[in-house]
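The values are calculated or read from the model by the stated rules, or taken from the named source; none is laboratory data. Keep in mind it's a predicted model, so treat the numbers as computed, not measured. Heads up, the Cβs are rebuilt from the backbone with ideal geometry, glycines too, and the neighbour counts pull from every protein chain shown.
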Amino acid sequence: MKSGRICCIMAIVNDVAAPFTSIRGSLSDTHLVGLLYHSMSIISRVDLRNNGGFFMAKNSKQKQREYDAKRAGQRTRNWTVIFYPEDLPENWKEQVDNLHVKWIEGPVHDRDTNPDGTPKKVHIHTLFMFEAVKNINQVGELLGEVFGYSESGSIIGVATPQRVTDRSAIVRYMAHLDHPSKVQYDVNDIVGHNGADVAEVLRYSITETLNMMIEIEEYIENNHITEYATLCRLIRYTHPDWYQIVVTKNTFHFRTFVNSYRNSFYSSVDKETGEIITE
C-alpha cells in the first residue's frame, strides 16, 4: 500500500518537474522556486491516509453533492414568523406552545404604517428557536398543520417564515428599539414561551458565539478542510448561522485556523485529555 502511495506522489513530482526543465533557461531562480512551490502545493493535498487519493478534490465534490441532495432550501435553527391575530383563533398562542418549541412573542404592532401613511395590518413578530436546523419547508409545514391553508396555498394568518442570523436584532426589532423613527413599543411586552429567555437573547451572548466557533472548528477538522474558500462554500447554504460568524466578525481567526490545520493535517486532539494525537 505504501509503495502505491509513493508511486502516486513520485508520478506527480515528475509531472510537475517536467515542464520546468524545458524552460529552465528562460526563468530566474526566483520564478522557478515560485512555480515549484505553487505546483508542489498540489501534492500536499494527497491524503496519505486514504489510499493516496486527492482528498480535497474528492472530499469537496462528494460533500457538495451530499449537501445539495439533502437540503431543500437553506437551513438554520432560528426563524422569524409574523402572525396576524385577526385571522387566527383566540387560542393561537396555546396552539403554538403545543409545538414544544422555544419561541418569543413580540408586542402587538397595531400602530405601524405603510410608506403612504396607511395603517399596516395588525401583526406580531415572533422568533422560533429550534434545537435542530430546519429549512423553510419544514417550518412552514409545522405551522400549516396547526393553522391550515388558504385556497391560495398560504398558511392562514401566518406570513412566510424568514431565516434569522442575529436573534438579538430580531427581538430588539419587536419593540423597534433601534428604529427611533418608527412607533416605539414596550419591551416589557416581549414574552418568552416554552423556556425561551428574552433577556438572554437580548444580550449579546459571548458564550453562544464561542460554542458555535468550537462547532465550526470541529467541522473543519472532521471534514479535513484545508482552504478558507472551501469552508465558506460548504457552510454558505448548509449552516447560514455559521456563515455570518465566519465571514463577518471572525474572518481572521478562521483563515488562520484553516491555514494552521493544513500544516498539522495529521494531528488531532483528545477531547478528554487535551493531548495531541499524531495519526
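Would you point out the residue of segment 177-202, among those that are of a type outside the set (Asp, Glu) and surrounded by fewer than 11 Cβ atoms within 10 Å (Cβ to Cβ), that is farthest from Thr113 (Cα to Cα)?
Looking at residues that are of a type outside the set (Asp, Glu) and surrounded by fewer than 11 Cβ atoms within 10 Å (Cβ to Cβ), I get Gly195.
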Would you confirm whether or not segment 220-240 contains a residue that is within 26 Å of Gly106 (Cβ to Cβ), at pLDDT 85 or above and out of contact with any helix residue (DSSP H, G or I) (no Cβ under 8 Å at 6 or more places or on another chain)? no
What's the number of the condition Leu177 fails, among (1) of a type in the set (A, V, I, L, M, F, W, C); (2) touching a helix residue (DSSP H, G or I) at 6+ places or on another chain (Cβ under 9 Å); (3) closer than 26 Å to Ala132 by Cα; (4) free of Cβ contacts under 8 Å to residues at least 60 places away in the same chain? (3)
Output the number of the condition that Arg49 fails; it satisfies all remaining conditions of (1) part of a loop (DSSP other than H, G, I, E, B); (2) at pLDDT 95 or above. (2)
Of the residues that make up segment 167-175, is at least one farther than 19 Å from Phe83 by Cβ and outside any helix (DSSP H, G or I)? no
Could you tell me whether segment 133-156 includes any residue that is of a type in the set (S, T, N, Q) and surrounded by 15 or more Cβ atoms within 10 Å (Cβ to Cβ)? yes
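Conditions (1) touching a strand residue (DSSP E or B) at 6+ places or on another chain (Cβ under 6 Å); (2) exposed (fewer than 15 other Cβ atoms within 10 Å of the Cβ); (3) not polar (S, T, N, Q), marked per residue:
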site: Phe83; (1), (2), (3): yes, no, yes
site: Lys93; (1), (2), (3): no, no, yes
site: Val96; (1), (2), (3): no, no, yes
site: Leu99; (1), (2), (3): no, no, yes
site: Trp103; (1), (2), (3): yes, no, yes
site: Pro107; (1), (2), (3): no, no, yes
site: Pro119; (1), (2), (3): yes, yes, yes
site: Ala175; (1), (2), (3): no, no, yes
Cβ-Cβ under 6 Å, sequence separation 6+ or interchain: first residue in segment 101-123 and within 13 Å of Thr80 (Cα to Cα), partner exposed (fewer than 11 other Cβ atoms within 10 Å of the Cβ). Which pairs? Lys102/Gly195
Looking only at segment 117-135, decide whether some residue is of a type outside the set (Phe, Trp, Tyr), within 19 Å of Tyr185 (Cα to Cα) and modelled with pLDDT under 95. yes
For segment 139-166, enumerate the residues that are under 22 Å from Asp241 (Cβ atoms) and in a loop (DSSP other than H, G, I, E, B). Ala159, Thr160, Pro161, Val164, Thr165, Asp166
Segment 114-138, residues that are basic (Lys, Arg) and part of a strand (DSSP E or B): Lys134
